[in-house]
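Enquirer: To start, I am sharing the structure in question, which I have written as structure tokens.
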Amino acid sequence: MSIDEAFKQRVSQIVREIVGVDTTRDDIDMIETGRLDSLGLVELILAFERDLGVSVPIETLDIENFRTAASIAHLLDRLQIQGVRAHSPLN
């Protein structure tokens, strides 16, 4: 199953804003290049929950899921399909 292009573009936009990496190429390894560190990862996860409504469970925090914008989009798409939603503290 392919990822919705609008969803993929939104994920890329969030990655670009938080990490500051050029996401026109979604295969740039952000870990290997040193662009994504632990603080950036936390910021990304919070942005995905806030902006996309997708919660990232701790068991999915595998480095391979966060190497590239494409791998992040695939993870979030899979989580969205599974119905893993972020919970608002007000709910």
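Each row is one residue, and each column tells you yes or no for (1) assigned to a loop (DSSP other than H, G, I, E, B); (2) acidic (Asp, Glu); (3) on the phi < 0 side of the Ramachandran plot.
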{"position": "12", "(1), (2), (3)": "no, no, yes"}
{"position": "21", "(1), (2), (3)": "yes, no, yes"}
{"position": "35", "(1), (2), (3)": "yes, no, yes"}
{"position": "51", "(1), (2), (3)": "no, yes, yes"}
{"position": "70", "(1), (2), (3)": "no, no, yes"}
{"position": "79", "(1), (2), (3)": "no, no, yes"}
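Enquirer: Next question, about the same structure. Considering only residues that are buried (at least 16 other Cβ atoms within 10 Å of the Cβ) and at pLDDT below 90, look in the range 22-59 and name the one that is nearest to residue 72 (Cα to Cα).
Expert: For the range 22-59, the residue satisfying everything is 26.
Enquirer: Among what's in the range 60-91 and is more than 15 Å from residue 41 (Cβ to Cβ) and of a type in the set (Val, Ile, Thr), pick the residue that is modelled with the lowest pLDDT. Quick ask: steps written out before the conclusion?
Expert: Narrowing the range 60-91 to residues more than 15 Å from residue 41 (Cβ to Cβ): 70, 73-74, 77-91.
Filter again for of a type in the set (Val, Ile, Thr), leaving 81, 84.
Numbers: 81: 88, 84: 68.
It comes out as 84.
Enquirer: Further, regarding this structure: Which residue, of 51, 37, is acidic (Asp, Glu) and in contact (Cβ under 8 Å) with a residue 12 or more places away in the chain?
Expert: Going through 51, 37 in turn, just one is acidic (Asp, Glu) and in contact (Cβ under 8 Å) with a residue 12 or more places away in the chain: 51.
Enquirer: Sticking with this one: Please list, ordered by first then second residue, the pairs with beta carbon atoms under 8 Å, 6 or more apart or interchain, first in the range 4-26 and free of Cβ contacts under 8 Å to residues at least 24 places away in the same chain, second basic (Lys, Arg).
Expert: Every condition considered, the pairs that remain are 20/35; 22/16.
The values are calculated or read from the model by the stated rules, or taken from the named source; none is laboratory data. Quick caveat, the model's predicted, so the values are computed rather than measured. Cβ coordinates were reconstructed from backbone atoms using ideal geometry, including for glycine residues, and neighbour counts include every protein chain displayed.
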